[in-house]
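In what follows, a single structure is set out as structure tokens and then discussed.
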Amino acid sequence: MIVMMAWRNIWRNKMRSLVIILSIALGLFAGIAVLGLYKGMMKSRVRNVIDAEQSHLQIHDPDFKKDYEPKFTLRNGASLLKAISALPQVKAASPRSITNGMLATASGSSGVQINGVVPDLEYRTSQLKAKIIEGKPFDQARKNQVIIGKKLATKMKLKTGAKLVLTFTDTAGNLVSGAFRVAAIYRSDNAPLDERNVYVNINDLDNLLNIPGAFHEIAILLKNDEDVGPVQQLLKHKFPGYQIENWREISPETDLLVKTTDQYSYIIMVIIMFALAFGIINTMLMAILERTREIGMMVALGTTRIRIFLLILTETIFITITGTPIGILGGWLVINYFNKHGLDVSGMGGEMMSSFGFGTMIYPEFPIDKLLGILVIVIGTALISCLFPAIKALRLRPSEALMR
Amino acid sequence: MADIADIQKGPVKKETVIDAHNISKVYNPDTIPVYAVNNVHLHLLKGEFTALVGPSGSGKTTLLNLIGGLDKPDSGNIYINGVDITQLSSGELIDFRLKNIGFVFQSFNLIPVLTAKENVEFIMLLQGAARPQRDERIKQLFSQIQLEDKLDSRPAQLSGGQQQRVAVARALASKPRFVLADEPTANLDSQSASNLLDIMDKLNKEENITFLFSTHDQRVIDRARRVVRLVDGKIVSDSATVSTEHA
């Protein structure tokens, strides 16, 4: 009967209850929308890291990444690449020669990372071709072509066809330079990387570095994200003596960002529910104060204080959870819509998004994995919110309450 | 008119239901003490139909609250069926009230979200009564208060008199030792008050239910078989009356 009384009690003042139920629904909707937005952003960021930047796995000589010394090429690189490419879990594997150097034009210079790539393989692992916004991909018939990022092009005032000089040290420590012509300009969702990375044909770079036929890195893109761990273990077992890292190890900041954002999501939910808790407390307190005499009468008749507490708790839970499905459904509908159509935020700080490595088109995702957490927060809010009104009710002395 | 001693006369000695000794209740004891109840002795036997009368502020409601265990006296003891309720904790008092005392309040304190039937059933649910018992008792009680057709009506759909009859049914639902009624007819028109008194009178006579009610309604006083008069928290007279109707 307590459950039935609680349900009927919340509808005694329909307007007041509806206002708080709608507040909870709106609060939850906002919270779920933020969680969905974050989830979409993080998923997109991780996809960028894997599909367009680092790939799932990378293999280097153990000493290479200490100082990016060009002499630390992968031993038996060609046979290693062949063996890896033959693995059934591997979608694409791309060899890269990498060195740090200076890009110079008539108007200035900038520090860059020069990536020597096999165009066809690179296009499959990092989608370099798809990111080109001006010019044409590498022409195999031409030598010393370079593809540069949009941000670098803007900074150095470079256009397609422009000439530039790349200077770096070779394996013997000699300073070498090469004149390159801009074949294309690319733009990814990560502006800092666009500013730093330039791509040249692996043969052109290897000749200058004096490491013909060798390379420093193999980037491996897998068919399934879930295979990262097993394939990494397999490679470590089959090819000891190499540094084999997964994307989380290569880009720990992304992993940290994903984990931190997960925690932020809950903090945002807690803040929203904390604000709503005051509304719930206010509503429940008003309901209790209006019913002082009735509660006093119930105690006088023999209703135990625990039953009174349960009645108030049930009312608070009802008033809280009634808005919950509305908020969740609203969130689900809106998130689903934008998941299909995308949410273009280029008008709201697109530059800033790009500088943090995020795309300007966000595809929010319903945070189904956080629903249980959200429900726990909602129920927790109801429990906390009912305490003050309940204490107020439990302190009533029946003889005094009946006089009011 | 009959004296209290007459009520105690008879072949079987009547059971004591309420035995209050030297009870006092003082408000503002540290500033200006007000004796709401001042050294009162009251002894009620089973089956009595007693009116507690007196002017406003004479301490009627306070005395009822003390006897009903809704408040604690500052001094004195109250025995209900041999149990000194002044020594019970508030939790024990709640349980004691549920099992032993029926209440009828002045302003038809029914739970507005429950139907008439549910209001009566509520008490039996608190007592843990099984459904068949509850159904049987509800049927019996609503027949006694002549509201069989109002079982599913909410209090707001009932007249004041009907609400107060439901309150009487609720007070009796737990089969209490006695019923305390605080000015039960105060908010009723004369016809409703008369109907209510008929029902209470009938229950008292036919089922030997003990009633103690505070009132300053002459219609009630006329029908009480014992009248206890309070002035300034003290009992100034205690006599039995027989209304002309029953004489």
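Just to verify a result, which residue in the stretch A:53-79, among those that are assigned to a helix (DSSP H, G or I) and touching a Ser or Thr at 6+ places or on another chain (Cβ under 9 Å), is nearest to A:N190 (Cα to Cα)?
In this case the residue turns out to be A:E53.
Can you tell me which residues in the stretch B:76-126 are among the small types (G, A, S) and either closer than 22 Å to B:K25 by Cβ or within 19 Å of the chain's Cα centre (by Cα) (or both)? Give the steps one after another, and end with the answer.
In the first step, residues of the stretch B:76-126 are kept if they are among the small types (G, A, S); the result is B:76, B:82, B:89-91, B:102, B:107, B:116.
Scanning the stretch B:76-126 gives B:G76, B:G82, B:S89, B:S90, B:G91, B:G102, B:S107.
Conditions tested, residue by residue: (1) hydroxyl-bearing (S, T, Y); (2) in a strand (DSSP E or B); (3) surrounded by fewer than 22 Cβ atoms within 10 Å (Cβ to Cβ).
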{"site": "B:Q146", "(1), (2), (3)": "no, no, yes"}
{"site": "B:D149", "(1), (2), (3)": "no, no, yes"}
{"site": "B:L172", "(1), (2), (3)": "no, no, no"}
{"site": "B:T185", "(1), (2), (3)": "yes, no, no"}
{"site": "B:D198", "(1), (2), (3)": "no, no, yes"}
{"site": "B:D201", "(1), (2), (3)": "no, no, yes"}
{"site": "B:I221", "(1), (2), (3)": "no, no, yes"}
{"site": "B:S237", "(1), (2), (3)": "yes, yes, yes"}
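Can you report the number of residues in the stretch A:31-65 which are of a type in the set (A, V, I, L, M, F, W, C), over 21 Å from A:G229 (Cβ atoms) and in contact with a helix residue (DSSP H, G or I) (Cβ under 6 Å, 6 or more places away or on another chain)?
Here the count works out to 5.
Can you find, within the stretch A:292-307, the residue that is farthest from the other protein chains (Cβ to nearest Cβ) among those that are crowded, with 20+ Cβ neighbours inside 10 Å and out of contact with any Asp or Glu (no Cβ under 8 Å at 6 or more places or on another chain)?
Step by step, filter the stretch A:292-307, then rank; the result is A:I295.
Quick check: anything in the stretch A:240-248 crowded, with 20+ Cβ neighbours inside 10 Å, out of contact with any strand residue (DSSP E or B) (no Cβ under 9 Å at 6 or more places or on another chain) and more than 14 Å from chain B (Cβ to nearest Cβ)?
No.
State yes or no: is A:D227 part of a helix (DSSP H, G or I), away from every other protein chain (no Cβ under 14 Å) and within 16 Å of the chain's Cα centre (by Cα)?
Judged against the criteria, A:D227 is not a match.
Return yes or no: is A:S110 crowded, with 20+ Cβ neighbours inside 10 Å and in contact (Cβ under 8 Å) with a residue 40 or more places away in the chain?
no
Scanning for something in contact with a Lys or Arg (Cβ under 6 Å, 6 or more places away or on another chain) and in contact (Cβ under 8 Å) with a residue 60 or more places away in the chain, does the stretch A:338-351 turn up at least one residue?
Within the stretch A:338-351 (the criterion being in contact with a Lys or Arg (Cβ under 6 Å, 6 or more places away or on another chain) and in contact (Cβ under 8 Å) with a residue 60 or more places away in the chain), the answer is no, since none of the residues qualifies.
Within the stretch A:9-31, can one find any residue that is over 30 Å from A:T169 (Cβ atoms), hydrophobic (A, V, I, L, M, F, W, C) and within 14 Å of chain B (Cβ to nearest Cβ)?
Yes, the conditions are met somewhere in the stretch A:9-31.
Hey, can you tell me all the residues within the stretch A:346-404 that are surrounded by fewer than 16 Cβ atoms within 10 Å (Cβ to Cβ), closer than 30 Å to A:R305 by Cβ, within 42 Å of the chain's Cα centre (by Cα) and not hydrophobic (A, V, I, L, M, F, W, C)?
A:G380
Hey, can you tell me all the residues within the stretch B:8-33 that are at pLDDT 75 or above, out of contact with any strand residue (DSSP E or B) (no Cβ under 9 Å at 6 or more places or on another chain) and surrounded by 10 or more Cβ atoms within 10 Å (Cβ to Cβ)?
Once the filter is applied, which keeps residues that are at pLDDT 75 or above, out of contact with any strand residue (DSSP E or B) (no Cβ under 9 Å at 6 or more places or on another chain) and surrounded by 10 or more Cβ atoms within 10 Å (Cβ to Cβ), the stretch B:8-33 yields only B:P29.
Quick check on A:K66: is it charged (D, E, K, R), away from chain B (no Cβ under 14 Å) and in contact with a Leu (Cβ under 7 Å, 6 or more places away or on another chain)?
It is false that A:K66 is charged (D, E, K, R), away from chain B (no Cβ under 14 Å) and in contact with a Leu (Cβ under 7 Å, 6 or more places away or on another chain).
Answer yes if at least one residue in the stretch A:86-104 is out of contact with any strand residue (DSSP E or B) (no Cβ under 9 Å at 6 or more places or on another chain) and modelled with pLDDT of 90 or more, and no otherwise.
yes
Scanning for something among the aliphatic types (A, V, I, L, M), more than 22 Å from A:L257 (Cα to Cα) and more than 14 Å from chain B (Cβ to nearest Cβ), does the stretch A:347-368 turn up at least one residue?
If we filter the stretch A:347-368 for residues that are among the aliphatic types (A, V, I, L, M), which is where we start, we get A:348, A:352-353, A:361-362, A:368.
From the residues that got through so far, the ones that are more than 22 Å from A:L257 (Cα to Cα) too are none.
No, that holds for no residue.
Name every residue in the stretch A:157-182 that is touching a residue at least 60 places away in the same chain (Cβ under 8 Å) and outside any strand (DSSP E or B), in order of residue number.
A:D170, A:T171, listed by residue number.
Which of the residues that make up the stretch B:77-122 are touching a Ser or Thr at 6+ places or on another chain (Cβ under 6 Å) and either in a strand (DSSP E or B) or at the interface with another protein chain (Cβ under 7 Å from one of its Cβ atoms) (or both)?
B:N77, B:I78, B:I94
The values are calculated or read from the model by the stated rules, or taken from the named source; none is laboratory data. This is a predicted model, so every value here is computed, not measured. Neighbour counts are summed over all protein chains in view; Cβ atoms, including those assigned to glycine, are modelled from backbone coordinates with ideal geometry.
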